[in-house]
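K.L.:
Take this structure, written in structure tokens, and hold onto it; I'll ask about it next.
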Amino acid sequence: MREIDPFSYFFDHASAIEGFGGNRRSPDPQYCFHTHYVEVRPGQASYQLKLSGARSSQGELTVRVHAYKPSTGGNATLVAGSRLYLGAEEPTDLSVTVKFVALRDVNYAFYGYFTDNSDISAEKVEIFLDEPEDGASIYVEPPRSIMALELAASETRPANALIHYGAPTLAIPVSQDCTFAQLSELGIVIQDVDQALAAWRKSVTFTAMQAYEVLVPGLDGLLLGPVGKDVESSMLEAGMIYEHGKSLPLPEPSSELFYDFILWPDHHDPAGTPETRFAAVTAWLGRLKIGGVAILGLRYRADESIVSSTLAMETGLLSRNEIGQWALRLIGAGYSVAPLSFVPPADRVIGSDGLASFVLIVQRA
């Protein structure tokens, strides 16, 4: 583990944590720290922020790992992140760790800023980088799926199209809500709304597989939970290979197995937090081959207003804006995401638990 200067990137900018950083006022009043971009040995790595003797009455600190590939000259991208909730009025030591997978020929930096204003003070601000030992924990490069050959033609996220405009359909699914019109199109009569929504999640999984050309002989996939007899029969007829991950809770994904597709029609974690939910999803998405496709059926609280991070922590329920944050973070990490289609409340089907159903379609670019 090595220590990294927290303020080396903007060496002359003062931190929002009083007494740290440079002497000039930062253009961003929420800026806390930003390290230099450094080389990291390939494999599982992590940045850790330690605040010693911290005191505050409120606030939230967001921390992010950014990646930059010098050979391309492109922009930095977000690869991982977390939040640290502040509110310790007595001096205490606070810390947060963010894990990421380091790639060859890529440099990484750690960046922090306030997303909720804080009056925090601290005796010491330290950042540590934990990386694989030289010659240990060799990173396994994901193989290329045969679907990668069609990636340019059937990419799930067209250029500059994060939001889908127009009513979502089953013919060419995007990342979309379940609507009354789609249930009618499927011939599903709502006698039990929860059964109808479960049937929709399985049906839209199948139509998304068709639309994104996943039903190809020889593909190797993973089914997380039940996907429906129609889907499994179609995969068998197409000569596809797949395995089940039926145990609950799900085991940790293997670091050596990669798949052409992952189907997860009933992903639901009501006991989770925003960061644990995203970490679980990205852990499984990391098992996709390059060009591979994942189709996730989500249930979320369909508030029309923005849900604060604090409220999301208190309720433990996935929210609409959290799904949008997932999409942005996944795009920053090198995935493509089918455009998001959240429909008006009158068109959206709501379960007996007050949650809407949504399908998220992701491809590893």
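K.L.:
Within the stretch 215-246, which residues are open to solvent by 10 Å² or more (accessible area, probe 1.4 Å), in contact (Cβ under 8 Å) with a residue 40 or more places away in the chain and closer than 17 Å to A294 by Cβ?
P.N.:
Within the stretch 215-246, V216, D220, G225, P226 meet the criteria.
K.L.:
What number goes with the only condition from (1) in contact with a Phe, Trp or Tyr (Cβ under 8 Å, 6 or more places away or on another chain); (2) in a loop (DSSP other than H, G, I, E, B) that L222 does not pass?
P.N.:
(2)
K.L.:
Working carefully through the options E60, E39, find the one that is in contact (Cβ under 8 Å) with a residue 40 or more places away in the chain and open to solvent by 20 Å² or more (accessible area, probe 1.4 Å).
P.N.:
Exactly one residue qualifies, and that residue is E39.
K.L.:
Could you check W200 against (1) touching a Cys at 6+ places or on another chain (Cβ under 9 Å); (2) without any contact (Cβ under 8 Å) to a residue 24 or more places away in the chain and say which number it fails?
P.N.:
Just one mismatch for W200, condition (2).
K.L.:
While we're here: What are the pairs, 6+ residues apart or on separate chains, where a residue within the stretch 114-128 that is modelled with pLDDT of 90 or more has its Cβ under 6 Å from a residue that is acidic (D, E) and part of a loop (DSSP other than H, G, I, E, B)?
P.N.:
Pairs that qualify, where the first residue is modelled with pLDDT of 90 or more and the partner is acidic (D, E) and part of a loop (DSSP other than H, G, I, E, B), are S121/E18.
Table: residues versus (1) in contact with a Ser or Thr (Cβ under 7 Å, 6 or more places away or on another chain); (2) open to solvent by 20 Å² or more (accessible area, probe 1.4 Å); (3) at pLDDT 90 or above.
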| residue | (1), (2), (3) |
| --- | --- |
| D130 | yes, yes, yes |
| I138 | no, yes, no |
| E155 | yes, yes, no |
| E213 | yes, yes, no |
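K.L.:
Of all residues in the stretch 192-214, which are over 13 Å from A338 (Cβ atoms) and aromatic (F, W, Y)?
P.N.:
W200, F206, listed by residue number.
K.L.:
Still on this model: I want to confirm something. Restricting to the stretch 140-153 and keeping residues that are surrounded by 14 or more Cβ atoms within 10 Å (Cβ to Cβ) and outside any loop (DSSP other than H, G, I, E, B), which single residue is modelled with the highest pLDDT?
P.N.:
Of everything passing the filter in the stretch 140-153, R144 is modelled with the highest pLDDT.
K.L.:
Looking only at residues that are at pLDDT 90 or above and under 26 Å from G351 (Cα atoms) in the stretch 247-264, which one is most open to solvent (accessible area, probe 1.4 Å)?
P.N.:
Looking at the filtered set, the residue picked out is W264.
K.L.:
Kindly provide the set of residues from the stretch 1-25 that are free of Cβ contacts under 8 Å to residues at least 60 places away in the same chain and acidic (D, E), ordered by number.
P.N.:
Passing the criteria: only D12.
K.L.:
For the stretch 1-19, which positions are surrounded by fewer than 19 Cβ atoms within 10 Å (Cβ to Cβ) and farther than 21 Å from Y47 by Cα?
P.N.:
Residues satisfying the conditions are D12, A14, E18, G19.
K.L.:
Restrict the check to the stretch 64-79 and report whether at least one residue is modelled with pLDDT of 90 or more, surrounded by 19 or more Cβ atoms within 10 Å (Cβ to Cβ) and farther than 30 Å from P142 by Cα.
P.N.:
There is no residue in the stretch 64-79 that is modelled with pLDDT of 90 or more, surrounded by 19 or more Cβ atoms within 10 Å (Cβ to Cβ) and farther than 30 Å from P142 by Cα.
K.L.:
Can you tell me how many residues in the stretch 33-59 are charged (D, E, K, R) and closer than 24 Å to N23 by Cα?
P.N.:
2
K.L.:
Please count how many residues of the stretch 179-190 are under 13 Å from I350 (Cα atoms) and either open to solvent by less than 70 Å² (accessible area, probe 1.4 Å) or assigned to a loop (DSSP other than H, G, I, E, B) (or both).
P.N.:
So the answer is 3.
The values are calculated or read from the model by the stated rules, or taken from the named source; none is laboratory data. All values reported here derive from a predicted model rather than from experimental measurement. Glycine gets a Cβ as well: all are built from the backbone with ideal geometry, and neighbour counts include every protein chain shown. Side chains included, ligands, DNA and RNA excluded: accessible areas come from the protein's heavy atoms. Shrake-Rupley method; radii C 1.70, N 1.55, O 1.52, S 1.80 Å.
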